[in-house]
1. With respect to V64, determine if the residue is touching a Lys or Arg at 6+ places or on another chain (Cβ under 9 Å), at pLDDT 95 or above and under 16 Å from V42 (Cβ atoms).
2. If I filter the stretch 19-35 down to residues being assigned to a loop (DSSP other than H, G, I, E, B) and of a type in the set (V, I, T), which single residue comes out as farthest from R99 (Cα to Cα)?
3. Quick check on my filter: what residues within the stretch 70-97 are in contact (Cβ under 8 Å) with a residue 24 or more places away in the chain, assigned to a loop (DSSP other than H, G, I, E, B) and over 17 Å from T16 (Cβ atoms)?
4. Are there any pairs with C-beta distances below 8 angstrom linking a residue in the stretch 4-32 that is touching a residue at least 12 places away in the same chain (Cβ under 8 Å) to a residue that is among the basic types (K, R) and part of a strand (DSSP E or B), with the two at least 6 apart or on different chains, and if so which?
5. Taking the stretch 51-69, which residues are assigned to a strand (DSSP E or B) and either among the polar types (S, T, N, Q) or closer than 20 Å to P87 by Cβ (or both)?
6. Got at least one residue in the stretch 36-48 being farther than 13 Å from Y98 by Cα, more than 16 Å from the chain's Cα centre (by Cα) and either in contact (Cβ under 8 Å) with a residue 12 or more places away in the chain or surrounded by 10 or more Cβ atoms within 10 Å (Cβ to Cβ) (or both)?
7. Collect the residues in the stretch 52-71 that are surrounded by 13 or more Cβ atoms within 10 Å (Cβ to Cβ) and under 13 Å from the mean Cα position of the chain (by Cα), keeping them in residue-number order.
Amino acid sequence: MPNMPLRLDTSGIAFTVGSDFEPVTDYATKQPKADANGVPLVQVSLVASFKTAWGKVQSEVLTVRLPEGKVLAPGTPVRPAGLTAIPWSQNGKSGVAYRATALEPAATRAGS
């Protein structure tokens, strides 16, 4: 069964850059990977903070792949444009891969 990307609603979630940007490389050849347009891919950890259904603040760290763009420092508030989750299963292992089309500066509240 093919993996179906699921677009994620990120409203109500605050994201910050949690790591340096690193190039995505092919596991076997160690060569850089690129998107369909030939733009090199990078990956970065994002810290996603949100309120649970019980009102408790919780954070999760997501590793997100995206086309190379402006490098942002760890701690920078961002909005991942076009964030999708892609469930996968291979050789008895499974997980979720995250992709975005870009990272945009997050709007900040006045006075903060």
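1. For V64, the condition - touching a Lys or Arg at 6+ places or on another chain (Cβ under 9 Å), at pLDDT 95 or above and under 16 Å from V42 (Cβ atoms) - is met.
2. It comes out as T29.
3. Hit for the stretch 70-97 is G82, nothing else.
4. P5/R99; T10/R79; G12/K51; F15/R79; V24/R65
5. Selection gives Q58, S59, E60, V61, L62, T63, V64, R65, L66.
6. yes
7. Answer for the stretch 52-71, where residues must be surrounded by 13 or more Cβ atoms within 10 Å (Cβ to Cβ) and under 13 Å from the mean Cα position of the chain (by Cα): L62, T63, V64, R65, L66, P67, E68.
The values are calculated or read from the model by the stated rules, or taken from the named source; none is laboratory data. Please read all numbers here as calculations on a predicted model, not as lab measurements. As a convention, Cβ positions derive from the backbone with ideal geometry for all residues, glycine included, and neighbour counts pool all protein chains shown.
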